[in-house]
1. Taking 0.36 nm per residue of sequence separation and subtracting the Cα-Cα distance, how much length would be gained by fully extending the chain between Val96 and Arg24, in nm to one decimal?
2. What ³J(HN,Hα) values, in whole Hz, does the Karplus curve 6.51 cos²θ - 1.76 cosθ + 1.60 give for the range 21-34 when θ = phi - 60°, with x put for Gly and Pro?
3. Can you compute the radius of gyration and Dmax for the range 160-290, using only the Cα atoms, both in Å?
4. Using a Gaussian network for the chain with springs between C-alpha atoms less than 10 Å apart, which of these wobbles most: Ala190, Ala307, Ala328?
5. I'd like the FRET efficiency for Asp15 and Val124, computed as 1/(1 + (r/R0)^6) with the beta carbon distance as r and R0 of 35 Å, rounded to 0.05.
6. Give, rounded to the nearest 20 debye, the magnitude of the charge dipole that the chain has about its Cα centre when Lys and Arg contribute +1 at Cβ and Asp and Glu contribute -1 at Cβ.
7. Return Cys97, Cys108 ranked ascending by Cβ neighbour count within 10 Å, so the fewest neighbours appear first.
8. Starting with the highest mean, order 153-166, 33-46 by the number of other Cβ atoms within 10 Å, averaged over the residues of each peptide.
Amino acid sequence: MIQAKGYAAQSPETDLALWDFERREVGAHDVQLEIQFCGVCHSDLHQIKNDWFKGIFPMVPGHEIVGKVVKVGNHVKGFKVGDLAGVGCMVDSCQVCENCKEGLEQYCLDGNTQTYNGLDRTGVPTYGGYSNTIVVREEFVLHISEKLSLAATAPLLCAGITTYSPLRHWKVGKGHKLAVLGLGGLGHMAVKFGVAFGAEVTVLSTSPSKEAAAKALGAHHFVVTSDKKQSDAVKNTFDFIIDTVSAEHDMDFYLGMLRVNGVHICVGIPPEKLKIHPFALLGNRRSVAGSGIGGIKETQEMLDYCAEHNIVSDIEMIDIKDITNAYARMLKGDVRYRFVIDIATL
């Protein structure tokens, strides 16, 4: 076994702290990474606190992982020692169901294996990127370009692909009016991709103070949703709303901003169930949809697109010992727009 160290929560009531554990040995089809940076996702905190479902403890979070390849199995063909590489939200799937065969491993009919807080195919718990090393089968390791900041690339493995995938699926681009609801880790990436794809992008926010930041990211318009005059002005306006909010919010209010055949795409995950009145949908033949991360092929496509167009996340680097304070700040929205852990501080 490979000796590893990381930061783990021993229970939902405890803060993260240093923990020694073991990774499996590198198998014939495996790649081992020395982790250099790991992004901090809001879902890390949700899972540590059992907000969505009962977790597996001790829990080492982190699924925005980038680093350097330090060992490869005998049958690995796509990676070599020294390559930059990344690991996102999943590390395995059945590979044989119809969804996996279509490159939709995130929707594996047998259930994909999450990078942390999951069980691998042998029943062993998975541990994430708040650690110094990880071993992953080759099919779930991604190539990272040397053109971009490695640390700022890390959040693309979740925040990036979570917004890229639905925008590509619904073919959002030139001629479309896209609203981005919420300007955080997910929202700022949705703005960057929406603008890059040619859409007319509006940020919807309850915080007037975020207007300058939204415009700096490339947004064409900004609407303070608590201002009735501003919100009334965008009723029946948007082709798409990409909803990144992870707290309870009034869905009917935002659905009223969609034009005929408009689509409200949920990518944020509030802890409570969404409430929607049927009339909010019937009036303009509106739709509510959800989208998870992308498959491995699409994630690599996204990384390549970002390298070509110089797109990365806006980040704040932190020492791993400051993770509890970072979580507190994240809950307050006090980060622009993604914390990234420098694993060298472990």
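1. 23.5 nm
2. Residue by residue, the range 21-34 yields 8, 10, 9, 5, 5, 6, x, 4, 10, 9, 10, 9, 10, 8 Hz.
3. 13.2, 37
4. Fluctuation is largest for Ala328.
5. 0.90
6. My answer is approximately 840 debye.
7. Result, fewest neighbours first: Cys97, Cys108.
8. 153-166, 33-46
Taken together, the values in this text are just the output of simple stated rules run on the coordinates, not laboratory data. Not measured: the values here are computed from a predicted model. Here the Cβ is made from the backbone with ideal geometry for all residues, glycine too, and neighbour counts use every protein chain on show.
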